[in-house]
1. Sort out which residues of the stretch 176-204 are open to solvent by 20 Å² or more (accessible area, probe 1.4 Å) and either of a type in the set (A, V, I, L, M, F, W, C) or closer than 21 Å to VAL278 by Cα (or both), and write them in order of number.
2. Restricting to strands (runs of 3 or more DSSP E) lying wholly in the stretch 100-207: which have 3 or more residues that are over 30 Å from THR27 (Cβ atoms)?
3. So PHE345 clears everything in (1) open to solvent by 30 Å² or more (accessible area, probe 1.4 Å); (2) in contact (Cβ under 8 Å) with a residue 12 or more places away in the chain except one condition, right? Which one?
4. Which residues, taken from the stretch 83-104, are touching a residue at least 60 places away in the same chain (Cβ under 8 Å), open to solvent by 10 Å² or more (accessible area, probe 1.4 Å) and either touching a Leu at 6+ places or on another chain (Cβ under 9 Å) or aromatic (Phe, Trp, Tyr) (or both)?
5. Just give me the residues in the stretch 214-262 being touching a residue at least 24 places away in the same chain (Cβ under 8 Å) and charged (D, E, K, R), in sequence order.
6. Under 6 Å by Cβ, and 6 or more places apart or on different chains, what pairs join a residue from the stretch 386-406 that is more than 18 Å from ARG370 (Cα to Cα) and free of Cβ contacts under 8 Å to residues at least 40 places away in the same chain with one that is part of a helix (DSSP H, G or I) and among the hydroxyl-bearing types (Ser, Thr, Tyr)?
7. Filter the stretch 404-429 down to the residues that are loosely packed, with under 15 Cβ neighbours inside 10 Å, in a helix (DSSP H, G or I) and over 22 Å from the mean Cα position of the chain (by Cα) and list them by number.
Amino acid sequence: MARDVNDTTPITSRNALVEWFEAGVKTPDDLNVGTEHEKIAFFDKSRAPVPYTSPAGGIKDLLEGLGAALGWEPITDREAIIGLYDPHGMGAVSLEPGGQFELSGAPLATVHGTKAELDAHFAALEPVARRFGVSFLDLGASPKWRRSETPAMPKQRYGIMAGYMPKVGSLGLDMMFRTATIQVNLDYTSEKDMVDKLRVGLALQPMVTALFANSPFIDGEPSGFLSQRSQIWRDTDGDRTGMLPFAFEPGMGFERYVDYALDVPLYFVKRGEVYHDVAGASFRDLLDGKLAALPGERATMSDWANHLGAIFPEARLKRYLEMRGADGGPRSHMTALPALFVGLFYDRAALDGALALIEGWSAEEREALRADVPRLALEARIGGRRALDIARDMLALARGGLARRARLDAQGRDETIYLAPLEEIAETGRTLAERRLEAYHGSWGRSVDPAFTDCLL
């Protein structure tokens, strides 16, 4: 999330929260896709992480230079520039806690639009980064620096989160400071459509994690996992992460998600430019004006929107749906993820096929699959089948959905062209993580240092 929402409308009832989600319903002719990606910056010469400020040029300088190149406006936190926004559109650039540089893409009509957006982003960023001797890794976790070596960004909310994370999990700080992801945001056309898509997104997210597995190193050596990023999420904060088993129960809808979100502890309450640390407190108390840290203060729609952005299940509901299971990766993966889910979600036959694909899986089976995928990736199993075989079926459904959408680029190609890197992984059964481990044990000479030349965006 590049910017916290600013809507001071008081929340007068639980039903107002349900209506907030209902306001996200789109018509079938107005479905968009938004793509986000994070990338880990480092100095070419020293291979050290890039701090917020540095005599050689830091994250602050990258933001200022990129803002000037694009004509985008700064986002600030107590006068520190911590992001950019497009004054003529809905795109933004933001910072993750360890300086991971994130493009939060605008909602666009096609994956072709996503590709053009990415091309424009990198075309503007590359000369700025080159000026300061900075490059970006295409991995899902930083391969070498320890947590203590990773810089922190000057964002109030991250300071609050960093203080709270060790109380609720052992790897939350690793999640904040050492991981990178690709995410895709998609629309829903009704409450039922939202439920169908959320269930498919949650159940198939382990297959996405497997296909995109690309974080096999930590602290300068193999971690034992193909997706260390996904493993980190499993020990971050059980109150706000996971596979949401309730989403598969009868009666699932906007109201049920409201009740879930109300029971997730708060991180902060923002008033003006100040983020008040209320980590662990109840949103229900804020609704009732009984929050101990802010007595008499009542919840606003800003609080609700900001709170929803601080909940981290594998698939997340806002006024759209976020798919959150993929490791960061090369540029081809930044268009492959939106293509996959546009194909599955924006064609009814493909969505019905995906619902049939996940039918009969129990909550325990889904959770066991999520637990196995970080280590086994495509060799994990559910319902007697390998994740690899399910991923192949999933890709076939997405390909059919994209072909039926028939959204063509200037060369007359439809959006199926963006599935190619995933189809190649599914055909060979070899993830990026496995290929990079092979290099580590071979041409890299059991060192992660070559990642800083071989794993670049």
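1. Listed by number, the list holds a single entry, PHE177.
2. Numbers: elements: 101-104, 134-137, 181-186.
Ranges flagged: 134-137.
3. Of (1) open to solvent by 30 Å² or more (accessible area, probe 1.4 Å); (2) in contact (Cβ under 8 Å) with a residue 12 or more places away in the chain, only one is false for PHE345: (1).
4. Residue satisfying the conditions is TYR85 alone.
5. ASP219, GLU221, ARG229, ARG234, ASP235, ASP237, ASP239, ARG240, GLU255
6. ALA403/THR416
7. Correct list: ARG404, GLU424, GLU427, THR428.
So that you can scan it fast, the table gives a plain yes or no per residue for (1) charged (D, E, K, R); (2) touching a Gly at 6+ places or on another chain (Cβ under 8 Å); (3) under 18 Å from GLY429 (Cβ atoms):
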residue: VAL208; (1), (2), (3): no, yes, yes
residue: ASP219; (1), (2), (3): yes, no, no
residue: GLY224; (1), (2), (3): no, no, no
residue: ARG229; (1), (2), (3): yes, yes, no
residue: LEU244; (1), (2), (3): no, no, no
residue: PHE248; (1), (2), (3): no, no, no
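The values are calculated or read from the model by the stated rules, or taken from the named source; none is laboratory data. No experiment lies behind these values; they were computed from the predicted model shown. So basically every Cβ, Gly included, is an ideal-geometry build from the backbone, and we count neighbours across all protein chains shown. All accessible areas refer to the heavy atoms of the entire protein, side chains included, with ligands and DNA or RNA removed. Shrake-Rupley method; radii C 1.70, N 1.55, O 1.52, S 1.80 Å.
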